[in-house]
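Let me begin by presenting the structure, written as C-alpha cells, before commenting on it.
The values are calculated or read from the model by the stated rules, or taken from the named source; none is laboratory data. Predicted model only: the values in this text are computed from it and were never measured. Cβ placement follows ideal geometry from the backbone for every residue including glycine, while neighbour counts extend to all protein chains displayed. Only protein heavy atoms, including side chains, enter the accessible area calculation; ligands, DNA and RNA are left aside. Shrake-Rupley method; radii C 1.70, N 1.55, O 1.52, S 1.80 Å.
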Amino acid sequence: MKVSLSRSLTNGDASWLQGLLGLFYKPARLQIAALCMRPGETENEILLVSTRDTGRLILPKGWPEADKQDYETAATEAYEEAGVVGKTDPHALGTFSSYKGQSDGSKVPTRVLVFKLQFERQLSKFPELGQRHCLWLPFSEAVNQANENSLKRFLRHHRAEIA
C-alpha cells in the first residue's frame, strides 16, 4: 500500500522527519548569569568579565547546577569568575540568546537566564583569578562595551530596573 508523505505527516507519522531534523538542529542550552550591580557616581555600575578564550566582555555565567537553585548558581558564577559576593534576587530579571564557544572553535547556542546580584564586596582571591579581566562600568558604558548584541539589547530593555 502506498502512503503519500503529506498524508503520513498529517496522521502523526513524522517521527522519521523529526529524527532527521534533530541531526541538524541543536536547541539552545540554558546558562545562568549574574548581573552584578553596584552604585556609581551617576548611574549603577555593571560588572563585565572577559571570556577566557576570545576576551569578549560578557556577564559572569555558567551551566545550571543540579544541587542549587538558579539564583544560587548565578551567585556562584559571580564569585568564581570575578570574586564578587552579594545578595542575589531569587527572581530572574529575564533571558537573552547567546552562545558558548567551544575549544574546537564551534559555538553552542544558549539561552541565558539572568539574575540581579547587588554587590557587597569583591574578594582579592577567587577561583578564576588571572583567567579573566573584570570591568566595573557605568551602565551606559557597559551597554556599549558588551560584546554580544543580544546582551546589549537585554541591558537596554531592562534599563529602568538596572540603571
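Restricted to the range 61-163, the set of strands (runs of 3 or more DSSP E) holding at least 1 residues that are of a type in the set (A, V, I, L, M, F, W, C), open to solvent by less than 20 Å² (accessible area, probe 1.4 Å) and farther than 23 Å from PRO39 by Cα comprises 94-101, 107-122.
Restricting attention to the range 117-141, the residues being closer than 19 Å to LEU93 by Cβ and more than 15 Å from the chain's Cα centre (by Cα) number 8.
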